[in-house]
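Worksheet: one structure, shown below.
No lab work stands behind these numbers, since they all come straight from the coordinates. Note that the coordinates shown come from a computational prediction; the quantities given were computed from them, not determined experimentally. Reconstructed Cβ throughout: ideal geometry from the backbone, glycine too, with neighbour counts over all protein chains shown.
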Amino acid sequence: MVADSAIELQIPEELTIYTVQSFKDKILGRLDIKEDLILNCQDMNIIDGAGIQLLLSLEKTALNEEFNIFFKSPTDSFKESLKLAGVSELFNVIEEEVNDGQEDINC
């Protein structure tokens, strides 16, 4: 279940070796809050191994720091990439809209 105080971040259209560092830098500043994160995936079209590795690292951090990460509105290509990498079951994916009171931060 998503907490009412969750923070929503927009994942960029491409999360690849070329873009992963800038997204990582933007998201790291939000992790110290230790609130649930909602990563909106609606615009993501391309993700590579570096992008998946970053998301796995975020999941591990969330587990260690006791907050949750949810992936909202995943595209078919995003879901397929996670499935091909064999990690789809490790992520909390939500298809429906989430609480309108969420803080929205575009990355």
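General remarks:
- Considering region 15-39, the residues that are buried (at least 17 other Cβ atoms within 10 Å of the Cβ) and free of Cβ contacts under 8 Å to residues at least 60 places away in the same chain include one that is farthest from the chain's Cα centre (by Cα), namely T19.
- Subset of region 1-14 that is under 19 Å from F70 (Cβ atoms) and of a type in the set (D, E, K, R) - its residue that is surrounded by the most Cβ atoms within 10 Å (Cβ to Cβ): E8
- Qualifying positions in region 71-92 - of a type in the set (D, E, K, R), without any contact (Cβ under 8 Å) to a residue 60 or more places away in the chain and surrounded by 15 or more Cβ atoms within 10 Å (Cβ to Cβ): K79
- Cβ-Cβ distances below 6 Å connect the following pairs, each with a first residue in region 40-61 that is at negative phi, a second residue that is surrounded by 21 or more Cβ atoms within 10 Å (Cβ to Cβ) and in a loop (DSSP other than H, G, I, E, B), and a separation of six or more residues or different chains: C41/I11; C41/P74; M44/I11.
- Within region 7-35, the set of residues being over 21 Å from K79 (Cβ atoms) and part of a loop (DSSP other than H, G, I, E, B) comprises Y18, D32, I33, K34, E35.
- Apart from one condition, N64 fits all of (1) within 12 Å of the chain's Cα centre (by Cα); (2) over 17 Å from A85 (Cα atoms); the exception is (1).
- Residues satisfying the stated conditions in region 46-76, i.e. assigned to a strand (DSSP E or B) and more than 13 Å from L15 (Cα to Cα): I69, F70, F71, K72
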